[in-house]
Amino acid sequence: MAPLEIDRARARAAFDAYVAPYDASNPRVALKIEHTLRVAELAEEIARAQGFTPAGIDLCWLAGLLHDIGRFEQLRRWDTFNDRASADHAAIGVDVLFEGASHLDDPVLVNVVAAARADDAFAAHAREAGALAAFAPEAASDPAASALIRAAVGYHSAFRLPDELDIRTRAVCDVVRDADKIDILRVTYTDDVQTVLGITEDELLASAVSPATEDAFFAHRCVRRDERTEPADYLVALSCFTYELVYPASLEIALDQGFIFQPFERPFGIERPFTNRATAQLMNRMDGHLRAWVDEQI
């Protein structure tokens with residue numbers, strides 16, 4: 001059997017068609033379109049650098065293109081990136097790609113959003129244009145490739161991957177997770193705090209770092225969502241992504257891009273220091289700690 005080949009032009013055209021009805025004038029929607037395309041490119045770059053086969057590189061690229069497909073319905077319905085305040089965007093993505101967008105019929109979800117957002121036209125669009133077959137029929141008809149894409153989308157934002165994943169699936173999931181982390185670090189340089197967190201600069205600069213988030217940072221692990229209780233926790237959580245990049249190529253790419261230390265140096269382009277003095281001091285200490293850790297790795 002010939003190795004699976006993904007028609008990238010068709011997949012990219014299908015992505016453009018899928019996101020077209022969503023409001024690109026909303027900066028959060030625009031952010032996610034741009035983020036998605038960069039993650040697909042990064043996933044390809046990491047996979048290639050790590051010596052994946054051409055078929056594996058194609059699957060990593062496709063998984064990167066589809067990893068955040070659930071964000072668009074999340075934004076349309078709730079206009080937030082906060083899964084705890086809305087729904088798990090990765091689960092929505094799996095549902096759109098593989099389950100016929102059945103979440104759009106869930107009365108619990110429909111009842112918690114404005115009636116105008118429970119739109120039949122969007123429901124039909126998600127079912128027809130959001131299925132994996134619309135992006136890559138060759139992957140949709142291949143059970144192994146389909147299962148791999150489902151895992152990569154479903155677990156891309158999970159705190160930890162399940163232990164039972166096979167080696168190939170874990171490898172692709174790790175590529176997508178690394179690519180996602182690298183590009184999310186970019187948002188603290190290219191986007192503003194209102195778009196990403198829905199708060200003002202003053203609110204961010206006055207916030208504290210929660211003890212659980214501080215502990216996670218110095219334990220060299222990512223921060224769980226339920227441990228983030230303060231706005232400044234988001235910045236620390238971003239910096240922790242560096243600790244858990246799986247592939248050597250990922251750390252090299254992240255360093256080349258130059259965003260690893262952005263959460264401490266100039267978050268969201270803000271020039272002013274933290275008005276919370278304890279936070280300012282802690283951020284300075286964390287910056288030095290992370291730089292020393294990175295130096296040890298390279």
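The values are calculated or read from the model by the stated rules, or taken from the named source; none is laboratory data. Please read all numbers here as calculations on a predicted model, not as lab measurements. Heads up, the Cβs are rebuilt from the backbone with ideal geometry, glycines too, and the neighbour counts pull from every protein chain shown.
Here are the numbers for this structure:
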quantity: The stretch 70-111, subset modelled with pLDDT under 70 and surrounded by fewer than 14 Cβ atoms within 10 Å (Cβ to Cβ), residue nearest to Asn26 (Cα to Cα); calculated: Asn111
quantity: Arg170, sole failed condition from (1) touching a residue at least 24 places away in the same chain (Cβ under 8 Å); (2) part of a helix (DSSP H, G or I); calculated: (1)
quantity: Number of the exception - Tyr247 against (1) exposed (fewer than 13 other Cβ atoms within 10 Å of the Cβ); (2) under 18 Å from the mean Cα position of the chain (by Cα); calculated: (1)
quantity: Residue match in the stretch 27-42 (condition: outside any helix (DSSP H, G or I) and surrounded by fewer than 20 Cβ atoms within 10 Å (Cβ to Cβ)); calculated: no
quantity: Members of the stretch 10-26 that are without any contact (Cβ under 8 Å) to a residue 40 or more places away in the chain and either not in a helix (DSSP H, G or I) or not assigned by TED's automatic domain parsing to the domain that holds Ala144 (or both); calculated: Ala20, Ala24, Ser25
quantity: Boolean, Leu204 is of a type in the set (A, V, I, L, M, F, W, C), more than 30 Å from Glu265 (Cα to Cα) and modelled with pLDDT of 95 or more; calculated: no
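Each row is one residue, and each column tells you yes or no for (1) of a type in the set (Val, Ile, Thr); (2) in the same structural domain as Leu75 (by TED's automatic domain parsing); (3) in contact (Cβ under 8 Å) with a residue 60 or more places away in the chain.
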| site | (1), (2), (3) |
| --- | --- |
| Val196 | yes, no, yes |
| Leu205 | no, no, yes |
| His220 | no, no, yes |
| Arg225 | no, no, yes |
| Asp256 | no, no, no |
| Phe261 | no, no, no |
| Arg266 | no, no, yes |
| Glu271 | no, no, no |
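Residue-by-condition table, conditions (1) buried (at least 20 other Cβ atoms within 10 Å of the Cβ); (2) within 23 Å of Arg170 (Cβ to Cβ):
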{"position": "Arg221", "(1), (2)": "no, yes"}
{"position": "Thr229", "(1), (2)": "no, no"}
{"position": "Asp233", "(1), (2)": "yes, no"}
{"position": "Tyr243", "(1), (2)": "no, yes"}
